[in-house]
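**Student:** Handing you a structure now.
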Amino acid sequence: YGVIYTRKNLTQAEKYFRKALQLGLTMDYDKAMVKMSLAGIMIQKRTKREAQELLTEAKKLDKQNMMTEQIKMLQQQLKKI
């Protein structure tokens, strides 16, 4: 639901992503993806510190380096805030 609401309502998307983390995802890749999505929402909401923390956590969880490019793009957006 978080991904669906990302286009419609950022506040609702944030709630769904946080709920997914709270329920406990098993795969590190899934956790990294959720944290990266949350970081994107925080960037749009101009919450720089939380976005940076989420990106750092996502980078640590991305052990196969599958999201390196997306994380770099978000870090570039973060610099513009």
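Just so you know, all these numbers are worked out from the coordinates, no wet-lab data involved. It should be emphasised that the depicted structure is a prediction, and the values quoted were computed from it without experimental measurement. Heads up, the Cβs are rebuilt from the backbone with ideal geometry, glycines too, and the neighbour counts pull from every protein chain shown.
**Student:** Starting from the Cα-Cα distance between residue 78 and residue 18, subtract it from 0.36 nm times their residue separation and give me the gain in nm to one decimal. Mind showing how you got there, number by number?
**Tutor:** Working: separation 60, 0.36 × 60 = 21.60 nm, distance 2.04 nm.
Once the chain is fully extended between residue 78 and residue 18, it gains 19.6 nm.
**Student:** While we're on this one: For Cα pairs less than 8 Å apart in space and 6+ apart in sequence, what is the mean separation divided by the residue count of the chain, i.e. the relative contact order in percent?
**Tutor:** Numbers: 78 pairs, mean separation 20.4, N = 81.
With pairs under 8 Å counted, the relative contact order is 25 percent.
**Student:** Taking the alpha carbon gyration tensor of region 15-67, what are the square roots of 5 times its eigenvalues, largest first, to the nearest whole Å?
**Tutor:** Numbers: eigenvalues 61, 39, 11 Å².
They are 17, 14, 7 Å, listed largest first.
**Student:** Pick out the long, greasy-scoring helices in the chain: whole DSSP H runs spanning 15 Å or more along their own axis by Cα, mean Kyte-Doolittle at least 0.0. Display every interim value, and only then the final one.
**Tutor:** Details: long enough: 10-23 (20 Å, -0.50); 28-44 (24 Å, 0.32); 48-61 (20 Å, -1.14); 68-79 (17 Å, -1.00).
Within the chain the helices that satisfy the rule are 28-44.
**Student:** Below 12 angstrom from the Cβ of residue 73, what's the summed charge of the other residues (Lys, Arg +1; Asp, Glu -1)? Can you show the working numbers first?
**Tutor:** Numbers: positive: 72, 79, 80; negative: 69.
Net of charged neighbours comes to +2.
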